[in-house]
Amino acid sequence: MNTLMDIRQELQTLASSAPAIIAATTTTAELADAEAAITGKRSPIAMARRGLGKIDPEQRRDVGILIKQVADALQHDIDQRRNELTESEETAALAADAVDMTLPGRAPVVGTHHVIQQVIDEIVDIFVALGFTVARGPEIETSFYNFTALNIPDTHPSRLESDTMYVDFGDADEGVLLRTHTSPMQARYMEQHDPPVYVVVPGKVFRADPLDPTHSPVFHQVEGLAVDTNITFGDLKGTLEMFAKQFLGKDTEVKFIPHYFPFTEPSAEMHAFSNGRWLELLGCGMVNPAVFENVGYDPSAVTGFAFGMGVERMAMVRHGIQDLRHLLENDARVLRQFV
Ligand code: DAH
């Protein structure tokens, strides 16, 4: 049974030993255990409160005040320690979670245009700056637009199945094929538009060729057509020479070598001197009056020039690429060089 002396003694012992125990806790969990021992149900403070009833009523008030003083003082120490420990635990949690804002970022991989598209854009831009518009035509063509309208005779070898990929189109009464060049758009465009015409036509073309360093069964061309009342061979030369200088550099020299195409008369190949050698760049010529007639233009009222160039070839010349297949394999190590 607790005597008054016992109660005072215990409270004094607690009041002197507990602060060090509270201060020695290092986590909020440890502090909760200490708190239970110091102020909980089985603590000396709880015992003292329970013992109050047995104390002489004269003394009860003083002892009650003492219990409250000790309990309040210890509770104050516990609350203060809890604040300290909570704060350091939060700081530690934040530090463990921290993001280093000073680390350099990782750049996302951004797609780009394929080098073939880049070269198409470069070529087209040069002509657009000269006042040409841009048109596109169907990749599956009729033999009329691909050959006949362009004055290519029925007997021409390019019409053979060994050269051209025909499409089985049921009972179509003329040949249907994957276009072998972009020139059919000359005829389609002139049928749809009155002169003057200044147009370039980029697009895919198809031939029964093997895939090797300089050939592909699918490749790209840019076609050009200028028709007006007084277009001369001088206009053709000036325009294409200017193009070569823009595309390959302002010191580029060009020369025109006579050639034959059924849809131009006269016809030529333009060669350019670049990187120490002459390169064949494109085919060109004055639009054959027979083509004007085929599309409903009056050959006595207009003249024009036309040209066609292979985009893969232009890309190889421009970037010093030796094997056309590099352009088609989509090897990222190659493509990354042209971002
Ligand atoms: N269509 C020709 C070819 O694929 C290229 C060509 C030559 C186009 C002369 C033209 C031209 O417009 O005038 O080989």
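The values are calculated or read from the model by the stated rules, or taken from the named source; none is laboratory data. Given the structure is predicted, the values throughout are model-derived calculations rather than measurements. Please note: Cβ atoms are built from the backbone with ideal geometry, for glycine as well, and neighbour counts cover all protein chains shown. These area figures cover heavy atoms from the full protein model, side chains too; ligands, DNA and RNA do not enter into them. Shrake-Rupley method; radii C 1.70, N 1.55, O 1.52, S 1.80 Å.
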Considering every residue within the stretch 250-261, establish whether at least one is near the ligand (Cβ under 10 Å from one of its atoms), surrounded by 15 or more Cβ atoms within 10 Å (Cβ to Cβ), in contact (Cβ under 8 Å) with a residue 12 or more places away in the chain and over 37 Å from the mean Cα position of the chain (by Cα). yes
Any residue that is away from the ligand (no atom under 14 Å from the Cβ) and assigned by TED's automatic domain parsing to the domain that holds L282 - is there at least one of those in the stretch 178-190? no
Among (1) open to solvent by 10 Å² or more (accessible area, probe 1.4 Å); (2) within 16 Å of the ligand (Cβ to nearest atom); (3) of a type outside the set (D, E), which single condition is A306 missing? (1)
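Tell me which residues, restricted to the stretch 191-203, are touching an Asp or Glu at 6+ places or on another chain (Cβ under 9 Å) and either charged (D, E, K, R) or away from the ligand (no atom under 14 Å from the Cβ) (or both).
Keep residues of the stretch 191-203 that are touching an Asp or Glu at 6+ places or on another chain (Cβ under 9 Å), which gives 195-203.
Residues satisfying the conditions are P195, P196.
Restricting the search to the stretch 147-177, which residues are farther than 30 Å from N230 by Cβ and either not assigned by TED's automatic domain parsing to the domain that holds V302 or not in a loop (DSSP other than H, G, I, E, B) (or both)?
At the first step, the residues of the stretch 147-177 found to be farther than 30 Å from N230 by Cβ are 154-177.
Selection gives P157, S158, R159, Y166, V176, L177.
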Among residues of the stretch 185-200 being under 22 Å from V119 (Cβ atoms) and not aromatic (F, W, Y), the residue surrounded by the fewest Cβ atoms within 10 Å (Cβ to Cβ) is V199
Looking at the stretch 151-178, I want the residues that are small (G, A, S) and have a partner that is open to solvent by 70 Å² or more (accessible area, probe 1.4 Å) with Cβ atoms under 9 Å, at least 6 apart or on another chain. Which pairs are those? S158/R207; G175/Y166; G175/F169
What are the pairs with Cβ atoms under 7 angstrom where one residue, in the stretch 51-77, is farther than 20 Å from T39 by Cα and in the same structural domain as S16 (by TED's automatic domain parsing) and the other, located anywhere, is loosely packed, with under 14 Cβ neighbours inside 10 Å and modelled with pLDDT under 90? Sequence gap at least six, or different chains. K54/M1
Return the residues of the stretch 16-54 that are of a type in the set (V, I, T) and surrounded by fewer than 13 Cβ atoms within 10 Å (Cβ to Cβ); say none if nothing qualifies. T26, T27
Exception for S274 within (1) within 14 Å of the ligand (Cβ to nearest atom); (2) open to solvent by less than 30 Å² (accessible area, probe 1.4 Å) falls at (1)
Quick one: would you say A226 is over 25 Å from L335 (Cα atoms), touching a residue at least 24 places away in the same chain (Cβ under 8 Å) and under 41 Å from the mean Cα position of the chain (by Cα)? yes
So which of Q221, Q186 is closer than 30 Å to L327 by Cα and in a helix (DSSP H, G or I)? Q186
Return the residue satisfying two criteria in turn: it lies in the stretch 240-249 and is within 16 Å of the ligand (Cβ to nearest atom) and free of Cβ contacts under 8 Å to residues at least 60 places away in the same chain, and of such residues it is least open to solvent (accessible area, probe 1.4 Å). A244
Of (1) more than 16 Å from the ligand (Cβ to nearest atom); (2) modelled with pLDDT under 95, L281 satisfies every one except (1)
